[in-house]
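Read the figures in this text as sums done on the coordinates, not as results from a lab. Because the structure is predicted, anything quoted here is derived from the model rather than measured. Cβ coordinates were reconstructed from backbone atoms using ideal geometry, including for glycine residues, and neighbour counts include every protein chain displayed.
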Amino acid sequence: MNDVCTPAAPAAARTAADYKSATKPVWCPGCGDFSVLGAVTRALASLQLPPHEVAIVSGIGCSSRIPAYTTCYGFHGVHGRALAAGTGLKVARPDMTVLVTGGDGDGYSIGGNHFLHACRRNVDLTYVVMDNHVYGMTKGQASPTTEPDWDNKLAPGGTGIRSFHPLVIALASGASFVARAFSGDPGGTADIIARAIRHPGFSFVEILSPCVTFRPEQRGWKQQVHPAAVDPTDDAARAARRIMTDDGFNIGVLYAGDRTPYPLQRGGPRRAVAELEAEFELQGGAA
Ligand SMILES: Cc1ncc(C[n+]2csc(CCOP(=O)(O)OP(=O)(O)O)c2C)c(N)n1
Ligand code: SF4
């Protein structure tokens, strides 16, 4: 018998398909979120992250369905609370790669306060927002990023309310990586998401992702988007000036700073679930 050890065959490289679950998305045909799902899975494959070391946390909305469509750990929580859940998960399990995903309604309206403080805390996670400037799941109400003059039957003549500017708000609140992507460019979006995951600290990726059902005119975004003309800056004031004055269709990494991320305790003691349950058990009976 030959006593020479045969080296183990190298593990086959993971492809985007390895991160897609068997659950078929229920999005409307043509929804931009299909491409975002493709971009997320391509980004994970490019980083070769084992699916069991990645958690995708979302709130509620069409876009927030993403965790179910992947083979990673997923948490489909309550409306607007995805960042709170994702932050808690990352702090408890710093070894996991955490992506938080959702829509503009989920993240900027009901979840707006969490957005500000997640940027400020700078915990090392990646926040991916599929922004379609509308509440898709609840049938087309105006969201914080809806244009003030968007005329529709729920807001005749438009809301007349100035739109929220998520990128500048993220920057002003302390996010350490700020980018804009377009779902119609899945390769470019995958690259931006991969860079966001690699960046230490809170990384924010705003993806223009059309809602073809309630905002069919957004199909025209593909003619409007264009690559950012300049390289990312690490100067927040310069980035803010650029973002404030661009046309909203500038695609790329717009800011990559080096703020120290929130310190995480790696390798701390793991506690058994039963022990935690016992600690949180309510004491005493009803009065
Ligand atoms: C506390 C609470 N308020 C309201 C709702 C109803 N609701 C569900 S999804 C949603 C908006 C989703 O919009 P968005 O986050 O932009 O995602 P999209 O569906 O456009 O992807 C709302 C208002 C809810 N589920 N829970
Ligand atoms: S309603 Fe809009 S956001 Fe929701 S699945 Fe359909 S196209 Fe996508």
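Some values worked out for this structure:
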{"quantity": "Residue among HIS79, HIS199, HIS165 with the largest mean-square fluctuation in a Gaussian network model of the chain, springs linking Cα atoms under 10 Å", "calculated": "HIS165"}
{"quantity": "Whole-number percent relative contact order across the range 9-68, with pairs defined as alpha carbons under 8 Å at least 6 apart", "calculated": "39"}
{"quantity": "Residue order, fewest to most surrounding Cβ atoms within 10 angstrom, among CYS119, CYS211", "calculated": "CYS119, CYS211"}
{"quantity": "Residue order, fewest to most surrounding Cβ atoms within 10 angstrom, among PHE214, PHE202, PHE115", "calculated": "PHE214, PHE115, PHE202"}
{"quantity": "For ASN113, net neighbour charge (Lys/Arg +1, Asp/Glu -1) across residues whose Cβ lies under 12 Å away", "calculated": "+2"}
{"quantity": "Highest-fluctuation residue, GLY80, GLY111, GLY88 considered, GNM on the chain with Cα pairs under 10 Å", "calculated": "GLY88"}
{"quantity": "Unit charges at the beta carbon, dipole of the chain: most positive-side option, HIS117, GLY187, CYS28", "calculated": "CYS28"}
{"quantity": "For the range 13-136: rounded, prolate or oblate by the Cα gyration tensor [a/c cutoff 1.5]", "calculated": "oblate"}
{"quantity": "Among THR146, SER209, LEU167 the positive-end extreme of the charge dipole of the range 130-229 (Cβ point charges)", "calculated": "SER209"}
{"quantity": "VAL273 paired with ALA229, simple spin-label distance in nm, labels 7 Å along Cα-to-beta-carbon", "calculated": "5.5"}
{"quantity": "Residue with peak Gaussian network fluctuation, the chain [Cα springs, cutoff 10 Å], from ARG14, ARG195, ARG270", "calculated": "ARG270"}
{"quantity": "Shape call, the range 129-191: gyration tensor on alpha carbons, a/c limit 1.5", "calculated": "oblate"}
{"quantity": "Förster radius 30 Å - calculated FRET efficiency between ALA68 and ALA11 (Cβ-Cβ, nearest 0.05)", "calculated": "0.70"}
{"quantity": "Restraint check, LYS90/LYS222; LYS20/LYS222; LYS90/LYS139; LYS20/LYS153, Cα-Cα greater than 30 Å", "calculated": "LYS90/LYS222; LYS90/LYS139; LYS20/LYS153"}
{"quantity": "Table column - 3J(HN,Hα) (Hz), the range 145-154, Karplus curve with 6.51, -1.76, 1.60, x for Gly and Pro", "calculated": "9, 5, 5, x, 9, 6, 8, 8, 5, 8"}
{"quantity": "Amide H contacts under 5 Å for ILE251, placed H, 5+ residues apart", "calculated": "HIS226, ALA228"}
{"quantity": "Cβ-derived FRET efficiency at R0 22 Å, ASP149 paired with ARG219, nearest 0.05", "calculated": "0.70"}
{"quantity": "Estimated 222 nm signal from helices in the chain, with DSSP H stretches of n ≥ 4 weighted -39500 (n - 2.57), rounded to 500", "calculated": "-8000 deg cm²/dmol"}
{"quantity": "Farthest positive-ward along the range 233-287 dipole, Cα basis, beta-carbon charges - from GLY252, GLY284, PRO263", "calculated": "GLY252"}
{"quantity": "Nearest-ten-degree value, helix 33-47 long axis tilted from longest Cα axis of the chain", "calculated": "40"}
{"quantity": "Cα extents of the range 72-224 along the three principal axes, largest first (Å)", "calculated": "48, 31, 29"}
{"quantity": "Extension reserve of the PHE280-LEU264 stretch, reckoned as 0.36 nm per residue once the Cα distance is removed", "calculated": "3.4 nm"}
{"quantity": "Charge dipole (debye, nearest 20) of the range 141-287; +1 at Cβ of Lys and Arg, -1 at Cβ of Asp and Glu", "calculated": "180"}
{"quantity": "Amide H contacts under 5 Å for THR70, placed H, 5+ residues apart", "calculated": "SER21"}
{"quantity": "Fewest-first sequence of GLU206, GLU53, GLU217 by Cβ atoms within 10 Å of each Cβ", "calculated": "GLU217, GLU53, GLU206"}
{"quantity": "Gain on full stretching of the segment that runs from LEU47 to VAL168 - 0.36 nm per residue minus C-alpha separation", "calculated": "40.7 nm"}
{"quantity": "Size of electric dipole in the chain: Cβ of Lys, Arg +1 and of Asp, Glu -1, about Cα centre, debye, nearest 20", "calculated": "140"}
{"quantity": "Efficiency of FRET between CYS28 and PHE75 - r from beta-carbon atoms, R0 25 angstrom, step 0.05", "calculated": "0.55"}
